[in-house]
Amino acid sequence: MRAAKRLVVKIGSALLVDRQTGLKIDWLRGLAEDVVAAKARGTDVILVSSGSIALGRRVLGLPDGALALEQSQAAAAVGQIRLARAYEEVLAPHGITTAQVLVTLDDTEDRRRYLNSRATMETLLGLGVVPIVNENDTVATDEIRFGDNDRLAAQIAVTIEADQLVLLSDVDGFYSANPKEDPTAQRFDLVEEITPAIEAMAGDPISGLSKGGMKTKLLAAKTAVAGGCAMAIMEGSVLRPLKALAEGANRTWFVAERDPQAARKRWIAAMKPRGEVTVDAGAVTALAAGKSLLPAGVKKVTGSFGRGDPVAILGPDGVVLGKGLVRYTAAEAKAIAGHRSGEIEAILGYAGRAALVHRDDMVV
């Protein structure tokens, strides 16, 4: 774990919030020390945190148990500001800037929103910021009902090409059965493949605060490992959970199928193009050297596509060179084709992105 280049950590509600006393500030300070240590090793850290509804319902005096959808959304609205402030207060003394990022699963499944989320997260990480990600529960519906921040964490991990994802939970790994109900249940230290037999072993949530049970964790694992990200499940109530994990605490690791970049490239390669972009000889040379595709190198744009859609990239002879996710609509791409990046604002009326297709969103 100490070798991780980019680490996503998901924190469950039961670890953060006590029904009687509220936020567990000592535990949060311990997690902050883990984040500081990881960043000192050169690791980018993203925290996907549950807890806004659990915090908000206590402030509002809402009862334990299931809440109506509008009550959950109200509790989230009250709790989100407190959750973000808590992370800021424990990390700021270490010189770490935090940012609140509110998303829904739609933001990672829609290509245009996906590109926006990815660009924002990459910029934050490049500036040394620790993003605190949470579902936007004030507007989400299905996400609240199913409570799967586990799956959201996996989606975020794949989006930003993390190589490791850690789910801090109230169980110390994946078991052959629910250990609270079956004393013969055995924990798996390592899962190299998520087979139908493994999926059949998933049970229901144990905690009264967290809603994401082992089934959602397995869904998260399937998403993560397919995207090149190894995933661990561990019991996270100790004061330095990531330190404990690195030192061999009980856990289950799910092995990644491939590295994150290769998985992303394979995903892009499998998409059906919605248009074509023909480039000049200079752009062909630049692409072969691993550069992004700039508008200046584009000779012709065909097809009807939106921002974030896949397009085929053709050489001057019409031969397909690759495929990528385009950062402009077809109309915008036609308008800026052949022009330098510095001219984009004058042509479109706003300062767009320099690249038409960024190298990270391209398979050549």
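Here, each number is a calculation from the coordinates, and none is a lab measurement. Remember, it's a predicted structure, so these values are computed and weren't measured experimentally. In this analysis, Cβ positions are derived from the backbone assuming ideal geometry, glycine residues included, and neighbour counts consider all displayed protein chains.
Each residue in region 148-167 was checked for being more than 19 Å from residue 104 (Cβ to Cβ) and surrounded by fewer than 24 Cβ atoms within 10 Å (Cβ to Cβ), and 3 pass. Scanning region 296-329 for residues that are crowded, with 21+ Cβ neighbours inside 10 Å, over 20 Å from residue 282 (Cα atoms) and over 25 Å from the mean Cα position of the chain (by Cα) yields one hit, 305. Whenever a residue of region 153-182 is within 9 Å of residue 233 (Cβ to Cβ), its partners that are of a type in the set (A, V, I, L, M) and surrounded by fewer than 17 Cβ atoms within 10 Å (Cβ to Cβ), lying with C-beta atoms within less than 7 angstrom and at least six residues away or across chains, give the pairs 171/206.
Of the residues making up region 49-75, those that are in a helix (DSSP H, G or I) and surrounded by fewer than 21 Cβ atoms within 10 Å (Cβ to Cβ) number 7. Residue count for region 272-318 under the criterion of being among the aliphatic types (A, V, I, L, M), touching a residue at least 60 places away in the same chain (Cβ under 8 Å) and either within 16 Å of residue 329 (Cα to Cα) or touching a Cys at 6+ places or on another chain (Cβ under 6 Å) (or both): the result is 3. Looking only at region 25-53, which residues are in contact with a helix residue (DSSP H, G or I) (Cβ under 6 Å, 6 or more places away or on another chain) and either among the basic types (Lys, Arg) or within 25 Å of residue 94 (Cβ to Cβ) (or both)? Listed by number, the residues that qualify are 28, 29, 32, 34, 36, 44, 45, 48, 50, 51, 52. Condition (residue is under 17 Å from residue 278 (Cβ atoms), part of a helix (DSSP H, G or I) and not hydroxyl-bearing (Ser, Thr, Tyr)) applied to region 337-344: is it met by at least one residue? Scanning region 337-344 turns up no residue that is under 17 Å from residue 278 (Cβ atoms), part of a helix (DSSP H, G or I) and not hydroxyl-bearing (Ser, Thr, Tyr).
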